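A short worksheet on the structure shown next.
The values are calculated or read from the model by the stated rules, or taken from the named source; none is laboratory data. In this text, all values refer to a predicted model and were calculated from it rather than measured experimentally. With ideal geometry, Cβ positions are generated from the backbone for all residues, glycine too; neighbour counts draw on all protein chains shown.
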Amino acid sequence: MIDVSTGILNKRKWIVTVFLILAVLCTIAQFTVSVNYKMADYLPDNAESMKAMDVMEEEFDGAVGNTRVMLTDVTVQEALDYKEEIQAIDGVSDVTWLDDAIDLKTPLEMADSDTVETYYKNENALISFSVREGDEVEVTNQMYRLIGEENAMAGEALDTAISQQKAGKESMYAMALLIPIIIIILVLSTNSWIEPVFFLTAIGVSVLINLGTNVFIGEISFVTQSVAPILQLAVSLDYAIFLLHSFSDYRKTTSDPKEAMKLAMKQSFPAIAASASTTFFGFTALTFMDFEIGADLGLNLVKGIVFSFISVMVFLPALTLTFYHWIDKTQHKSLVPQFKNVGKRVLKLRIPALILVFLLLVPSFLAQSNTNFIYGVGEHPDSTRAGEDSEAIEDAFGKFTPMVLLVPRGDPGKEEELVQELENLDHVTNVLAYVNRVGATIPADYLEESVTEQFYSDDYSRIILHTDTDAEGDTAFSLIETVKEKAASYYGDDYYALGEGVTLYDMKNIVEQDNKVVNMLTVITIALVLLVTFRSVSIPVILLLTIQSAVWMNLSIPYFTNSSLVYIGYLIVSTVQLAATVDYAILFTEAYREKRKDMKALNAIKQTVDEKIFSIFISASILSSVGFILAWTSTDPIVASIGTLIGRGAVLAFVMVVIFLPAMLLGLDKIIKKTTWKANFYKEK
């Protein structure tokens, strides 16, 4: 390490120049990376809904409407005029209203009331349409201009447009709030005004390089764009703090700054490597998700940890040694009082802490796995126009989620029987099919293509169901299963189902399986890193129990507060919190183990708490600030839920490491001694 550090420091000006040039190039390159805002695109290709979508795109020119507009206080003719204007917007297709379901030459009073009220009710008209992928922002903006403030719009295309418009702005807003807070926290933790700038420069450069190298991937998800840069900054800032604190310590005993940096690099390398390894392997587990939005985020975070590690061990020493005199010129007195006798007070709580945690452990574990989960993007806040519009449409027409069945063409009688069964199902408000809109007895060959193309392709018949359920939830998923069973009873496996609800149903099944795989891999890989780091069988178990308990408590809170939790946030945070906050436990335990070689367990714990509580508090406060700011600044339910869980998780992890971990280390001291290779614990004479 000394030879490597010598080479780095001898070429420090070149290294600083190269890293800064890379940062500039990557800053430019990141603007060429496209961002995907559609959750469904991250389902694996073998998911049933993805196969169904491919078949429908091959067989049918038209799509099923994914967005709706409600026109208030309009006549039938006015609604038809609006329909024509909507059809004229470039990027809009498959506009559907009442005239596609019934013959408007017949008085509405004589038509089926359920069918009429699906589209026209109390002089309110509900028009469905599809938006071309990639044009969501432009089309929805034109639609708002057309319908004005008095009418309403909701649907998938609008959700995508909102995410697309806000994701980048909200990330910048979050960064603008976060960086001053981190600077304040770092100023409090150091004795130099300029040191925090060095910390942030080193990690900031690695964040920019990580963002720029996404150009080789080509596309990232909106979750990755919103979360990855901020999360990388939060979890890897510790590496820079470890190195520069060590450098400051060696400068007190070594007059040559270059020699002090060499020693600091050698001394801090094991701690930084262990910390980076646990986070690296924890994030790597995300890349094994079948639901590829987790894999996308995992890959970016893994890259980020690698670049942060390289930046701290190569760029930061070169930068610091080049400008170390700035640190000397900006020295200030410690702004935080010394923590004295905290360890003594903490140990008084060890028995109550052990009892409380073990009482909460099982309920927390059970509760976090029984929380009411949301698998899509969730609902828009009531304070936004999208939230108000969605509520207005639901108040006027009830809930609405379309679903499509593709069944083999050629047997109108069988198709008619299936449609009749579907029409009788609870929560199915309307069914559109050739056999009930045109007639099973009328051969399609005798009609114009414009009449049949909505329902028939060369190989398949398309049946469109309108339902009054949410896009997800027990009722929606139960209905999807029932519809599939009905279709299977007539056509076996030779049918396809698709729609927003079907996509979320597939997502639910896939991510639940992902949860088992990701959690198992995270625990195993981190346990192996801890095993190698501490050369102990018992210490990894104690550390994992400490942090995993904090994870379970964090994820159980939505259950006890009777609130829903976005499942993607749950899945990601269950990994991220464990990977990111286990560093606190490593830092504490490493310090305790060293002290235990020179003193009794009780004294070692007291001194470790006194010396390390502030360092752990700084790390936890940075991570929790990141989380809570994400939650406060993001209107996207997925990003906001991830932020809330990260912020709360960091606080819980801090409490567990400072109160519960010391109690465990003290209570199991004899077992740790026996199960640790070359423990060399202090022996009383």
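If you check residue 184 against the conditions, is it surrounded by fewer than 18 Cβ atoms within 10 Å (Cβ to Cβ), farther than 30 Å from residue 69 by Cβ, free of Cβ contacts under 8 Å to residues at least 60 places away in the same chain and touching a helix residue (DSSP H, G or I) at 6+ places or on another chain (Cβ under 9 Å)?
yes
Condition first: part of a helix (DSSP H, G or I) and either at pLDDT below 90 or surrounded by 22 or more Cβ atoms within 10 Å (Cβ to Cβ) (or both). Now tell me which residues in region 560-577 satisfy that.
Hits for region 560-577 are 567, 568, 569, 570, 571, 572, 573, 574, 575, 576, 577.
Could you please find all residues in region 35-71 being over 22 Å from the mean Cα position of the chain (by Cα) and more than 23 Å from residue 494 (Cβ to Cβ)?
65, 66, 67, 68, 69, 70, 71
So, of the residues in region 587-603 that are without any contact (Cβ under 8 Å) to a residue 24 or more places away in the chain and either of a type in the set (Asp, Glu) or in contact with a helix residue (DSSP H, G or I) (Cβ under 6 Å, 6 or more places away or on another chain) (or both), which turns out to be nearest to residue 241 (Cα to Cα)?
So the residue we want is 591.
Which of the residues that make up region 598-639 are within 21 Å of the chain's Cα centre (by Cα) and part of a loop (DSSP other than H, G, I, E, B)?
634, 635, 636
At pLDDT 85 or above and either out of contact with any strand residue (DSSP E or B) (no Cβ under 6 Å at 6 or more places or on another chain) or surrounded by fewer than 20 Cβ atoms within 10 Å (Cβ to Cβ) (or both): which single residue out of 445, 474 fits that description?
474
Exactly one condition in (1) within 30 Å of the chain's Cα centre (by Cα); (2) farther than 30 Å from residue 607 by Cα is not met by residue 321; state its number.
Unmet for residue 321, out of (1) within 30 Å of the chain's Cα centre (by Cα); (2) farther than 30 Å from residue 607 by Cα: (1).
Restricting to region 227-260, and then to whatever is under 38 Å from the mean Cα position of the chain (by Cα) and farther than 27 Å from residue 629 by Cβ, can you tell me which residue is surrounded by the most Cβ atoms within 10 Å (Cβ to Cβ)?
Going through the qualifying residues, I end up with 247.
Here are some conditions: (1) closer than 30 Å to residue 227 by Cβ; (2) assigned to a helix (DSSP H, G or I); (3) of a type in the set (A, V, I, L, M). Residue 289 meets all but one. Which one does it not meet?
(2)
Residue-by-condition table, conditions (1) closer than 30 Å to residue 294 by Cα; (2) acidic (Asp, Glu); (3) not assigned by TED's automatic domain parsing to the domain that holds residue 547; (4) not in a loop (DSSP other than H, G, I, E, B):
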site: 644; (1), (2), (3), (4): yes, no, no, yes
site: 652; (1), (2), (3), (4): yes, no, no, yes
site: 655; (1), (2), (3), (4): yes, no, no, yes
site: 659; (1), (2), (3), (4): no, no, no, yes
site: 663; (1), (2), (3), (4): no, no, no, yes
site: 670; (1), (2), (3), (4): no, no, no, yes
site: 674; (1), (2), (3), (4): no, no, no, yes
site: 680; (1), (2), (3), (4): no, no, no, no
site: 683; (1), (2), (3), (4): no, no, no, no
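Can you tell me how many residues within region 196-239 are of a type outside the set (A, V, I, L, M, F, W, C), at pLDDT 90 or above and touching a helix residue (DSSP H, G or I) at 6+ places or on another chain (Cβ under 6 Å)?
Looking only at that region, the number is 3.
Could you run through region 312-361 and say how many residues are modelled with pLDDT of 85 or more, assigned to a helix (DSSP H, G or I) and over 16 Å from residue 656 (Cα atoms)?
Counting residues in region 312-361 that are modelled with pLDDT of 85 or more, assigned to a helix (DSSP H, G or I) and over 16 Å from residue 656 (Cα atoms) gives 14.
I need the full set of residues from region 148-180 which are free of Cβ contacts under 8 Å to residues at least 12 places away in the same chain, over 25 Å from residue 123 (Cα atoms) and over 19 Å from the mean Cα position of the chain (by Cα), in order please.
176, 180
Take the residues in region 515-542 that are modelled with pLDDT under 90 and crowded, with 21+ Cβ neighbours inside 10 Å, then tell me which one is nearest to the chain's Cα centre (by Cα).
518
When region 381-433 is examined, which residues are found to be assigned to a loop (DSSP other than H, G, I, E, B), over 25 Å from residue 103 (Cβ atoms) and either touching a helix residue (DSSP H, G or I) at 6+ places or on another chain (Cβ under 6 Å) or in contact (Cβ under 8 Å) with a residue 24 or more places away in the chain (or both)?
Of everything in region 381-433, those that are assigned to a loop (DSSP other than H, G, I, E, B), over 25 Å from residue 103 (Cβ atoms) and either touching a helix residue (DSSP H, G or I) at 6+ places or on another chain (Cβ under 6 Å) or in contact (Cβ under 8 Å) with a residue 24 or more places away in the chain (or both) turn out to be 381, 384, 399, 425, 426, 427.
What pairs come up if the first residue lies in region 199-213 and is farther than 19 Å from residue 238 by Cβ and not assigned by TED's automatic domain parsing to the domain that holds residue 28, the second is modelled with pLDDT under 90 and among the hydrophobic types (A, V, I, L, M, F, W, C), and their beta carbons are under 6 Å apart, counting only those six or more places apart or on different chains?
none
Is one or more of the residues making up region 391-400 surrounded by 21 or more Cβ atoms within 10 Å (Cβ to Cβ), modelled with pLDDT of 80 or more, among the hydrophobic types (A, V, I, L, M, F, W, C) and assigned by TED's automatic domain parsing to the domain that holds residue 633?
So far as region 391-400 goes, no, none of its residues is surrounded by 21 or more Cβ atoms within 10 Å (Cβ to Cβ), modelled with pLDDT of 80 or more, among the hydrophobic types (A, V, I, L, M, F, W, C) and assigned by TED's automatic domain parsing to the domain that holds residue 633.
For residue 176, are the conditions met, namely being of a type outside the set (Val, Ile, Thr) and surrounded by 16 or more Cβ atoms within 10 Å (Cβ to Cβ)?
Judged against the criteria, residue 176 is not a match.
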